[in-house]
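I have placed the structure first, in the form of structure tokens, so that the comments after it can refer back to it.
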Amino acid sequence: MLAIHNEFTATLLSSGKVLAAGGRLSSTSIATCEIHDPSTGQWNSTASMATARAAHTATLLSTGKVLVTGGIGSGGIPSNDLASCEIFDPSTGQWKSTGSMAAARSSHTATLLSTGKVLVTGGLQFLTALTSCEIFDPSTGQWKSTASMAIARAAHTATLLSSGKVLVTGGIDLASCEIFDPSTDQWNSTASMATVRFDHTATLFSSGKVLVTGGGLISTSVATCEIFDPSTDQWNSTASMATARAYHTATLFSSDKVLVTGGAQSSTSVATCEIFDPSTGQWNSTASMATARYHHTATLFSSGQVLAAGGQSQSTELASCEIYTP
């Protein structure tokens, strides 16, 4: 990339290009953005956001625009969690401010609902986890509060299920899970995971089941994995990864296999990668990245290749990128 990006977002645009937005450089959040063109393999600068932010979210809207929400501002942790939001228009290459959330938050989730609206859940506000949730309506540019979760959570996951409901899993020191029903604007508890997980991943299979992998603090990350079946509301253990990892990525291929890349384990950055095959319930090692990295992004191209970008390797923040070919 043209600049270092750590704890940033990477969004696959409708054009097939990738928008990298914000992130952290040392202890300072940044506003810079760039776009990767897979046809040339090059990054190009684009307009910066109005506000520097890291640990934010970026969601591709049905219009093809990108909604960025919250994060940690330039004041750093814990003084400057953000409520502000911005929208990027790829047709103009420009950012515009949109309605702010009612609550400042970072390390939260943002999920595109089947209605085209965006559900934001939990996160941290000045190092305190939140239960509050909000829904963004792109047609009005405004947020409205919705039912709060039963449990405050941050560094959790939120997955849109085939039913249109949203499964939230884990969070800091949590194994509990909840399901949001947009048709009623209500949360319902569901079965807890067997393992406490945060900074983990959650991936929806074509079967409608959800695979969660790894998670935890750098010093206490786990290799265990579990699968949630919405038809029974139950979790089942599956094979563990070869390497314990948190702050990693999980990418779903069209074959329904899942590529896990990098992460951190026992205070060590990880370069290894593994592939999960749901037809066998097993993990297989694959080629390692050239650079160990965590807090990076992984984006699937239409070609089936995966772009791993930025992040951090030990104490070194990265601008480097790699492409995985299955």
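The values are calculated or read from the model by the stated rules, or taken from the named source; none is laboratory data. Quick caveat: nothing in here was measured; it's all calculated off a predicted structure. Every residue, glycine as well, gets a Cβ built from its backbone with ideal geometry; the counts of neighbours run over all protein chains shown.
Condition check: surrounded by 20 or more Cβ atoms within 10 Å (Cβ to Cβ), in contact with a Cys (Cβ under 7 Å, 6 or more places away or on another chain) and not hydrophobic (A, V, I, L, M, F, W, C). Does Thr121 satisfy that? Please lay out each step first, then the result.
Working: surrounded by 20 or more Cβ atoms within 10 Å (Cβ to Cβ): yes; in contact with a Cys (Cβ under 7 Å, 6 or more places away or on another chain): yes; not hydrophobic (A, V, I, L, M, F, W, C): yes.
Yes, satisfied.
Pairs only if they're at least six apart or on different chains, beta carbon under 7 angstrom, first in region 80-103 and closer than 15 Å to His56 by Cα, second surrounded by fewer than 15 Cβ atoms within 10 Å (Cβ to Cβ) and modelled with pLDDT under 95; list them, first residue then second.
Taking only residues 6 or more apart or on different chains, the pairs are Asp81/Phe126.
Can you tell me which residue is farthest from the chain's Cα centre (by Cα) among those in region 274-317 that are within 17 Å of Arg245 (Cβ to Cβ), among the aliphatic types (A, V, I, L, M) and part of a loop (DSSP other than H, G, I, E, B)?
By that ranking, first place goes to Ala287.
Quickly run through region 70-102 and pick out the residues that are buried (at least 20 other Cβ atoms within 10 Å of the Cβ) and closer than 26 Å to Phe198 by Cβ.
Correct list: Gly70, Gly71, Ile72, Gly73, Asp81, Leu82, Ser84, Cys85, Met101.
When only residues in region 254-273 that are polar (S, T, N, Q), modelled with pLDDT of 95 or more and crowded, with 21+ Cβ neighbours inside 10 Å count, which is nearest to the chain's Cα centre (by Cα)?
Thr261
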